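In what follows, a single structure is set out as structure tokens and then discussed.
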């Protein structure tokens with residue numbers, strides 16, 4: 001297994017006290033990432049998306065295959081938040097070289113770990129990674145009706161700039177959130193609520 005780089009952040013010159021670390025994902029993380037994603041999609045999108053449209057995204061085998069394919073594509077980054085015992089509790093999947101701006105494909109926190117700051121720290125780690133690569137902005141889509149996610153991104157400085165159809169399913173719409181400048185995201189702790 002290749003060496004794993006751990007990302008460490010310091011907030012306002014205070015020591016890091018989060019009970020988890022952020023690192024690049026490895027193949028062995030994908031089963032857990034898949035489970036977090038499928039569980040969150042079932043719970044969050046179940047009331048928002050037609051069951052026939054949602055069903056293929058709840059197929060655990062198909063989602064694991066999709067993650068494996070995404071992870072090896074050039075221009076794909078997958079970061080995970082790992083708790084002290086070593087369990088993946090959250091992940092961020094994003095495309096740093098997407099045009100016209102980097103695109104956050106997924107940010108999910110396990111239901112049992114929500115509210116502890118993992119989502120906020122993953123957003124900060126994404127911002128640091130993008131800025132290190134010369135990118136200065138970020139966009140993402142929130143399924144219309146997912147008010148909790150919308151509030152989370154707004155607390156972190158995201159601005160809703162419009163609504164557009166999701167490219168993954170007919171009839172599903174996204175609110176598009178944008179950070180035109182990642183600097184505030186990298187310095188603000190935000191409210192730890194996923």
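Just so it is clear, none of the values below were taken in a lab; they were calculated from the coordinates. Computed from a predicted model, the values in this text were never measured in an experiment. Cβ sites come from the backbone with ideal geometry, for glycine too, and all protein chains shown count toward neighbours.
One decimal place: the segment residue 105-residue 151 gains 14.8 nm when fully extended, by the rule 0.36 nm per residue minus the C-alpha distance. Ranked by the mean number of other Cβ atoms within 10 Å of their residues, highest first, the peptides 45-56, 144-155, 171-182 come out as 171-182, 144-155, 45-56. Spatially, the stretch 72-88 and the stretch 160-183 are offset by 23 Å when compared through their Cα centroids.
Distance between the 7 Å Cα→Cβ label points at residue 87 and residue 136: 4.2 nm. Rounded, prolate or oblate: pick one for the stretch 84-177, where a ≥ b ≥ c are the square roots of the eigenvalues of its C-alpha gyration tensor, a/c under 1.5 means rounded, and failing that, prolate if a/b is larger than b/c, else oblate. In terms of gyration-tensor shape, oblate.
Please say if the stretch 51-138 is rounded, prolate or oblate, where rounded means a/c under 1.5 for a ≥ b ≥ c the square roots of the C-alpha gyration tensor eigenvalues, and otherwise the choice is prolate for a/b larger than b/c and oblate otherwise? Note, shape of the stretch 51-138 comes out oblate.
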